[in-house]
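Have a look at the structure below, then the notes.
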Amino acid sequence: MTRIMSTEDLIPVIAKLCMDACYHLSDNVIGALKAAYEKEESPYGRDTLKLLLDNAELASKEEMPVCHDTGMAVVMMEIGEQVSWVGKPLEEAVNDGVRKGYTEGYLRKSVYLDPLNRVNSGDNTPCVLHTEIVTGDKVKITVLPKGGGSENMGTFTNLVPADGVEGVKEFVLKSVLAAGGKACPPIVVGVGIGGTMDKTTLIAKKALLRPIGNRNPNQYYKELEEELLEEINKFGIGPLGMGGRVTALDVHIEYYPCHITSLPVAVNLQCHSVRQATIEL
Amino acid sequence: MENRTIKMTTPLTKEKIKDLNIGDIIELSGVIYTARDAAHNRIKENYENNRKQPIELEYQIIFYVGPTPAKPGKVIGSAAPTTSARMDKYVEMMLKQGITGMIGKGERADYVAELCREYGACYFLSIGGASAMIANQIKDVEVVAYEDLGTESIKRLKVEDLRLIVGIDSKGRTFQEEQVKKYKISK
Ligand code: SF4
């Protein structure tokens with residue numbers, strides 16, 4: 001059965017997702033920050049986490065952005081294969097939604113139209129849109145406003161197969177260490193292993209969508225996540241790099257099959273301001 | 001907290017900041033200015049071409065910040081520091097023109113600590129991402145230059161008890177480095 005949907009209907013929906021993501025941290029994130037506060041031993045670190053929790057509460061109450069860097073909007077859509085669109089082209093409608101959300105929601109306009117000639121688009125478009133065709137007739141939309149502080153600390157490398165899991169660990173740890181306090185820890189570390197370069201970085205970003213505390217269902221990767229989390233929290237970087245026990249809230253790994261000669265790894269970092277909003281239509 | 005909380009008022013002369021120590025909590029009141037990458041770049045062009053700067057820099061504090069637009073009835077939207085390391089290359093040029101402090105987030109290149117020592121300046125840490133709360137410590141905003149840069153324009157802010165931590169003091173010591181060492185667990 002074909003389900004007819006209008007792209008125009010997406011505009012207000014996406015606008016609201018942009019605003020909601022920027023104003024309200026989820027219960028999952030608040031819970032993780034509270035747990036970090038309990039665990040933190042450094043007085044400066046604890047003080048910082050307390051301020052972040054107070055800030056999140058204030059932002060939500062006042063409907064103000066939790067963080068002033070409301071990012072470039074990453075929009076991920078899972079579109080059921082039975083859906084047939086009418087109305088303007090999908091990408092145009094999605095950008096209309098982003099424009100509306102960032103303008104009417106008083107969010108920051110942080111997008112340059114050209115990376116070298118650097119002219120602001122004025123309305124935070126275009127977004128980065130990822131679409132995936134899935135079974136069924138539903139549409140799932142996630143908006144992930146991604147600030148520069150943590151995004152700019154992302155890394156990618158092509159290891160050789162002989163580097164193995166030790167090479168992967170070393171690369172992930174090195175990336176987190178280099179980011180230090182600049183990525184606004186406590187962070188969520190998204191790791192993509194395998195695929196081709198494009199796929200590796202995409203699954204590293206998708207790893208950030210998994211709720212904090214949820215592990216990879218594969219036992220091997222689950223244990224790797226736990227080991228990396230423990231190692232990262234030994235660095236002492238702490239909240240906002242002020243020193244402390246909690247540098248990462250979690251490590252999420254996604255993997256994908258890869259070529260016999262390859263072992264690509266990508267690390268995408270998410271700052272403490274974990275802003276995401278999702279809807280299923 | 002291990003350190004003192006000190007109330008200070010701008011302008012911060014070298015004399016006023018020379019006894020600050022890393023880790024001191026400062027509650028700053030008075031006028032400060034915003035500048036980020038694009039504004040620093042223009043200040044640098046002026047400097048190199050002996051053109052007049054749009055603001056007097058002597059004894060001023062520069063806040064690396066780009067706020068969100070203000071909602072109706074508010075003086076400013078959300079505001080918190082951006083990553084200071086991107087401005088490292090401009091620090092010496094700014095110190096030469098007399099600024100005495102910078103406010104931002106995150107670690108800086110080693111030479112910035114050295115420059116703070118040489119010029120008797122400080123780097124203050126603010127809390128990255130605590131933007132709704134910091135906005136409440138900003139009482140007045142006026143764009144004073146480069147309006148075309150939008151969020152990156154130079155703004156004069158009037159702050160009240162803006163909460164900061166001394167990240168690099170005028171002796172060239174670095175707070176974050178010291179703290180991280182304390183909590184690092186070696187293999
Ligand atoms: S890294 Fe995150 S919390 Fe820090 S300034 Fe950027 S968006 Fe805000």
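The values are calculated or read from the model by the stated rules, or taken from the named source; none is laboratory data. Just so you know, these numbers come straight off a predicted model, no measurement behind them. No Cβ is skipped: glycine too gets one built from the backbone with ideal geometry, and neighbour counts run over all protein chains shown. Note: areas computed on protein heavy atoms with side chains; ligands, DNA, RNA excluded. Shrake-Rupley method; radii C 1.70, N 1.55, O 1.52, S 1.80 Å.
The table below lists the values:
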quantity: Candidates B:165, B:103, filtered to the one that is at the interface with chain A (Cβ under 8 Å from one of its Cβ atoms) and assigned to a strand (DSSP E or B); calculated: B:165
quantity: Looking only at the stretch B:136-152, and only at residues there that are at pLDDT 95 or above, closer than 14 Å to residue B:34 by Cα and open to solvent by less than 40 Å² (accessible area, probe 1.4 Å), the one that is farthest from the ligand (Cβ to nearest atom); calculated: B:145
quantity: The lone exception for residue A:62 - which of (1) away from the ligand (no atom under 15 Å from the Cβ); (2) open to solvent by less than 30 Å² (accessible area, probe 1.4 Å); (3) without any contact (Cβ under 8 Å) to a residue 12 or more places away in the chain it fails; calculated: (2)
quantity: Per-region count, the stretch A:225-236, residues assigned to a loop (DSSP other than H, G, I, E, B) and touching a Leu at 6+ places or on another chain (Cβ under 8 Å); calculated: 1
quantity: Condition check for residue A:107: within 15 Å of the ligand (Cβ to nearest atom), open to solvent by less than 40 Å² (accessible area, probe 1.4 Å) and within 11 Å of chain B (Cβ to nearest Cβ); calculated: yes
quantity: Those residues of the stretch B:1-55 which are closer than 22 Å to residue B:88 by Cα, of a type in the set (Asp, Glu) and within 16 Å of the chain's Cα centre (by Cα), in sequence order; calculated: B:37
quantity: Among the residues listed as B:113, B:132, the single one being among the small types (Gly, Ala, Ser), outside any loop (DSSP other than H, G, I, E, B) and more than 26 Å from residue B:48 (Cα to Cα); calculated: B:132
quantity: Single unsatisfied condition, residue A:275 versus (1) within 14 Å of chain B (Cβ to nearest Cβ); (2) more than 16 Å from the ligand (Cβ to nearest atom); calculated: (2)
quantity: Test: residue A:129 is of a type in the set (A, V, I, L, M, F, W, C), in contact with a Leu (Cβ under 9 Å, 6 or more places away or on another chain) and more than 16 Å from the ligand (Cβ to nearest atom); calculated: yes
quantity: Extreme residue, farthest from the ligand (Cβ to nearest atom), among residues of the stretch B:97-119 that are buried (at least 17 other Cβ atoms within 10 Å of the Cβ), of a type outside the set (A, V, I, L, M, F, W, C) and under 15 Å from the mean Cα position of the chain (by Cα); calculated: B:100
quantity: Number of the exception - residue A:122 against (1) among the small types (Gly, Ala, Ser); (2) within 21 Å of residue A:16 (Cα to Cα); (3) modelled with pLDDT of 95 or more; calculated: (3)
quantity: Options A:214, A:152; residue that is within 16 Å of the ligand (Cβ to nearest atom) and closer than 28 Å to residue A:240 by Cβ; calculated: A:152
quantity: Output for the stretch A:24-49, where each listed residue is surrounded by fewer than 18 Cβ atoms within 10 Å (Cβ to Cβ) and either facing chain B (nearest Cβ under 10 Å) or modelled with pLDDT under 95 (or both); calculated: A:41, A:43
quantity: Hits in the stretch A:65-95 (condition: crowded, with 20+ Cβ neighbours inside 10 Å and charged (D, E, K, R)); calculated: A:69
quantity: Number of the condition not met by residue B:84 [criteria: (1) farther than 22 Å from residue A:149 by Cβ; (2) buried (at least 22 other Cβ atoms within 10 Å of the Cβ)]; calculated: (1)
quantity: Some residue of the stretch A:221-240 being β-branched (Val, Ile, Thr), on the phi < 0 side of the Ramachandran plot, open to solvent by 20 Å² or more (accessible area, probe 1.4 Å) and touching a strand residue (DSSP E or B) at 6+ places or on another chain (Cβ under 9 Å); calculated: no
quantity: In the stretch B:172-185, the residues that are within 8 Å of chain A (Cβ to nearest Cβ) and open to solvent by less than 90 Å² (accessible area, probe 1.4 Å); calculated: B:175, B:176, B:179, B:180, B:183, B:185
quantity: Yes/no for residue B:159 being modelled with pLDDT of 95 or more and either assigned to a loop (DSSP other than H, G, I, E, B) or open to solvent by 20 Å² or more (accessible area, probe 1.4 Å) (or both); calculated: no
quantity: Lone qualifier among A:182, A:174 - being outside the structural domain of residue A:92 (by TED's automatic domain parsing), of a type in the set (D, E, K, R) and within 15 Å of the ligand (Cβ to nearest atom); calculated: A:182
quantity: Output for the stretch B:11-32, where each listed residue is away from chain A (no Cβ under 14 Å), of a type outside the set (Gly, Ala, Ser) and open to solvent by 20 Å² or more (accessible area, probe 1.4 Å); calculated: B:11, B:13, B:14, B:15, B:16, B:18, B:19, B:31
quantity: Count of the stretch A:204-223 residues which are touching a residue at least 12 places away in the same chain (Cβ under 8 Å) and over 20 Å from the mean Cα position of the chain (by Cα); calculated: 1
